[in-house]
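Working notes, structure below.
The values are calculated or read from the model by the stated rules, or taken from the named source; none is laboratory data. Remember, predicted model here, so these are calculated numbers, not experimental data. Cβ: placed from backbone, ideal geometry, glycine included. Neighbour counts: every protein chain shown.
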Amino acid sequence: MKLLGIFLVLTVLLASSVANAREPNDSPHSQACMAQNGFSLEMWRAHRAGTDAQVLKYIMCRDRVPQAQALKIGRRDHNFSPNF
C-alpha cells in the first residue's frame, strides 16, 4: 500500500512537470522562432529582443501556444515592458 502511494505521487509529479515543460531558448526550434521574429539568442539574453509584439510572437512560436497563453507566460517571466 505504501508503494502504491509513492508511485501515485511520483506519477503526478512527473505528469505536472511534463505539462509545464517549455522549449529551452537555445534549442534549434526556439532559435528558428527568434530568427523568424528578428532577434538572436544573444539579444534575448541581453533583454534587447525587440518589441513586445515580437516577443509575444516568439513565445507563441516557441511554446506552440495561443496568444492569451503566451501573454500569461511572458508576463510571468517578465519578458514584456511594464505597460504591455
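Some values worked out for this structure:
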{"item": "Residues that are under 19 Å from F84 (Cα atoms) and of a type in the set (D, E, K, R), drawn from segment 20-63", "result": "R48, D52, K57"}
{"item": "Tally of residues being of a type in the set (S, T, N, Q), touching a helix residue (DSSP H, G or I) at 6+ places or on another chain (Cβ under 8 Å) and at pLDDT below 95 across segment 38-70", "result": "1"}
{"item": "Scope segment 30-41; condition of a type outside the set (A, V, I, L, M, F, W, C) and surrounded by 14 or more Cβ atoms within 10 Å (Cβ to Cβ); matching residues", "result": "S30, Q31, N37"}
